[in-house]
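**Q** Structure provided below as structure tokens; questions to follow.
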Amino acid sequence: MKTRREVSAGGVLLRREGATEVLLAARRNRRGDLVWGLPKGQIEAGEDPQDTAVRETLEETGYQGTIRRPIDTITYWYVWEGIRVHKTVHFFLMDVVGGDPARRDMEMEDVRWFPLSTGADTAGYPSEKEVLRKAAQLESDT
């Protein structure tokens, strides 16, 4: 089986309206189930991971953010159309500065704010659950 490598970046976008909230985006998986997760996408040629995280968060959610700091880098494997993919994703803690979810691309079926304290319970993928737990810990340390 052929193997390829992909490198992406994404954001854990926060807002403070009383309790701190995190923005999650939902898309359908291959089985057709709605899965909540973090906005992320491939790093384009000449782009650094931070710029990708800001761009992908805006494209997938409609919300603009600024980077506060790196959170974690995750790796995982999956198979797509007969090709084994080794994916690396750099995640950054971000603060919302504005936006409108109606302006997101239609790759995401829905975007919604959740309490950061329970965001890991909502996310559908184990590696993203861990990123959200780390983000919550970083936020509580500030």
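**Q** In region 109-142, how many are under 14 Å from the mean Cα position of the chain (by Cα) and in a helix (DSSP H, G or I)?
**A** Qualifying residue count, region 109-142: 14.
Residues checked against (1) under 16 Å from HIS90 (Cα atoms); (2) not hydrophobic (A, V, I, L, M, F, W, C):
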| position | (1), (2) |
| --- | --- |
| ALA26 | no, no |
| ILE43 | yes, no |
| GLU47 | yes, yes |
| GLU59 | no, yes |
| GLY62 | no, yes |
| ARG69 | yes, yes |
| TYR76 | yes, yes |
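**Q** Oh, and also: If you scan region 76-100, which residues turn out to be surrounded by 11 or more Cβ atoms within 10 Å (Cβ to Cβ), touching a residue at least 40 places away in the same chain (Cβ under 8 Å) and over 12 Å from the mean Cα position of the chain (by Cα)?
**A** If the condition is that a residue be surrounded by 11 or more Cβ atoms within 10 Å (Cβ to Cβ), touching a residue at least 40 places away in the same chain (Cβ under 8 Å) and over 12 Å from the mean Cα position of the chain (by Cα), then TYR76, ILE83, ARG84, VAL85, HIS86, LYS87, THR88, ASP95, VAL96, GLY99 are the ones that fit.
**Q** Please go through region 27-43 and pick out each residue that is among the small types (Gly, Ala, Ser) and at pLDDT below 95.
**A** Selection gives GLY32 alone.
**Q** Identify all residues within region 57-109 that are of a type in the set (Asp, Glu) and closer than 17 Å to GLY11 by Cβ; write none if there are none.
**A** Of everything in region 57-109, those that are of a type in the set (Asp, Glu) and closer than 17 Å to GLY11 by Cβ turn out to be GLU59, GLU60, ASP72, ASP95, ASP100, ASP105, GLU107.
**Q** Shifting gears a bit: In region 93-142, which residues are of a type in the set (Ser, Thr, Tyr) and under 21 Å from GLN50 (Cβ atoms)?
**A** Within region 93-142, SER127, THR142 meet the criteria.
**Q** While we're looking at this one, here's another question. Does ALA136 satisfy the criteria of being touching a Lys or Arg at 6+ places or on another chain (Cβ under 9 Å), at pLDDT 95 or above and among the small types (Gly, Ala, Ser)?
**A** no
**Q** Further, regarding this structure: Would you please list the contacts, defined by Cβ atoms under 7 Å and residues six or more apart or on different chains, that run from a residue in region 119-142 that is charged (D, E, K, R) to a residue that is assigned to a helix (DSSP H, G or I) and at pLDDT 95 or above?
**A** Pairs found: LYS129/ALA120; ARG133/ALA120; GLU139/LEU116.
**Q** Taking ALA45 as meeting all but one of (1) within 16 Å of SER8 (Cα to Cα); (2) free of Cβ contacts under 8 Å to residues at least 24 places away in the same chain; (3) in contact with a helix residue (DSSP H, G or I) (Cβ under 7 Å, 6 or more places away or on another chain), write down the number of the exception.
**A** Answer for ALA45: the failing condition is (3).
**Q** If you take the residues in region 1-25 that are small (Gly, Ala, Ser) and modelled with pLDDT of 95 or more, which one is surrounded by the most Cβ atoms within 10 Å (Cβ to Cβ)?
**A** The residue in question is GLY11.
The values are calculated or read from the model by the stated rules, or taken from the named source; none is laboratory data. It should be emphasised that the depicted structure is a prediction, and the values quoted were computed from it without experimental measurement. We place every Cβ from the backbone using ideal geometry, glycine too, and count neighbours over all the protein chains shown.
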